[in-house]
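Trainee: Got a structure for you, questions after.
Readers should treat all values here as calculations from the given coordinates under stated rules, not as data from a laboratory. Here the structure is a predicted model, which means the values were calculated and not measured. Because the Cβ atoms are built from the backbone with ideal geometry, glycine has one as well, and the counts that use them run over all protein chains shown.
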Amino acid sequence: MYNAILYTITVCVWGSTWLAIKYQVGDVPAIQSVLYRFLIAMVLLQLFLLLTKRFKIYDFQTHKLFAILGLFLFGINYLLFYLAAEYGLTTGVEAIIFSFLISMNIVNNALFFKEKPDRNVLLGAAVGILGILALFQDELYELINGTAVGIGVLFSILATYLASLGNMASKKLQRQHINVVEANAWGMTYGVVFLFAIALLTTDHFQFSFDNTYLISLGILAILGSIVAFGAYLTLLGRIGADRAAYATIVFPVIALTLSSIYESYEWSALKVFGVMLIVVGNLVILGKIKFQK
């Protein structure tokens, strides 16, 4: 039951953050918007650790893992996704690319932890990915015909792989019995340092927008998208494994698509409905609700 709650939180919150990111690009440089997002989240998490007397001193090796977590999961990967949005890549295409995190996690699990996924995980992932392909066939058609910006696609692919490396760092930290909240607080701290350094090197001056849409989306991304969803997802990762936890990235594009149909007049078709059905089936397979015997 607890895993189901964590899973639901991850899918629902991250399903909505793609739309929120759309309102973060434009007037404010992408690097600065990402920096503000994780700065807010980092300050709130560190304050929580101090107020609850959970603040601890860790050794150098542990801080190296925190730095890797921050760089890859709370830093460069999100900068690349924001830049991809600036290059005109649609929400649907970014969601498709990020949904392949599950495949990257399976590969990296084998590389770093020598863990081979069971048959049901592979079958469920395959069914889910087929569902994603059916659901977003229009966006894929744009890619094949070169109408989407290629550099944005490359940014999103690289961002997804970096996120997978961040998942591996989180998994190793949890194996060392380090609490997810503490790891995220320190990871975001290092992420903010990296982002601030990049911002200093790449922008002339800092900008901010007091537009209501920008402020509301920033708050949603910082608190719900960064603190709540990452906490739920990384806790789930430690409980059920990186491959199963990453399946949330195949499911949440459906939420993103639903929001897009409400706010961006997205049109459904029979093939897209079939895609949603495949994703649901794959979800049940990978979570063990439907099993294929060897």
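Trainee: Given springs between every Cα pair under 10 Å in a Gaussian network model of the chain, which of 130, 89, 224 has the largest fluctuation?
Mentor: 130
Trainee: Post the alpha-carbon centroid distance, segment 208-230 to segment 41-87, in whole angstrom.
Mentor: 16 Å
Trainee: Okay, next question. Using only the Cα atoms of the chain, build the gyration tensor, take square roots of its eigenvalues as a ≥ b ≥ c, and label the shape rounded, prolate or oblate: rounded if a/c is under 1.5, else prolate if a/b is larger than b/c, else oblate.
Mentor: Numbers: a/c = 1.72, a/b = 1.12, b/c = 1.54.
It is oblate, given that a/c is not under 1.5 and a/b is not larger than b/c.
Trainee: I need the helices of the chain that pass two filters: whole DSSP H segments spanning 27 Å or more by Cα along the axis, and mean Kyte-Doolittle score no lower than 0.5. Don't skip to the answer; put the middle values down first.
Mentor: Working: long enough: 2-22 (31 Å, 0.98); 30-51 (32 Å, 2.06); 150-175 (38 Å, 0.67); 180-202 (32 Å, 1.57).
Helices meeting the criterion: 2-22, 30-51, 150-175, 180-202.
Trainee: If we sort 19-25, 162-168 on the protection proxy, mean other Cβ atoms within 10 Å, highest first, what's the order? Don't skip to the answer; put the middle values down first.
Mentor: Working: 19-25: 20.3, 162-168: 22.6.
Per-residue mean Cβ counts within 10 Å order the peptides as 162-168, 19-25.
Trainee: Take the alpha carbon gyration tensor of segment 79-231, find the square roots of its eigenvalues, order them as a ≥ b ≥ c, and report rounded if a/c is under 1.5; if not, report prolate when a/b exceeds b/c, else oblate.
Mentor: Values: a/c = 1.89, a/b = 1.09, b/c = 1.73.
It comes out oblate by the Cα gyration axes.
Trainee: Add -39500 (n - 2.57) for each DSSP H run of 4 or more in the chain, then divide by its residues: what number comes out at 222 nm, to the nearest 500 deg cm²/dmol?
Mentor: Details: 15 runs with 220 residues, N = 294.
Estimated from H runs of four or more residues: -24500 deg cm²/dmol.
Trainee: Over segment 101-255, what is the relative contact order in whole percent, taking alpha-carbon pairs under 8 Å and six or more residues apart? Walk me through the numbers on the way to the answer.
Mentor: On the way: 76 pairs, mean separation 70.9, N = 155.
Relative contact order of segment 101-255: 46 percent.
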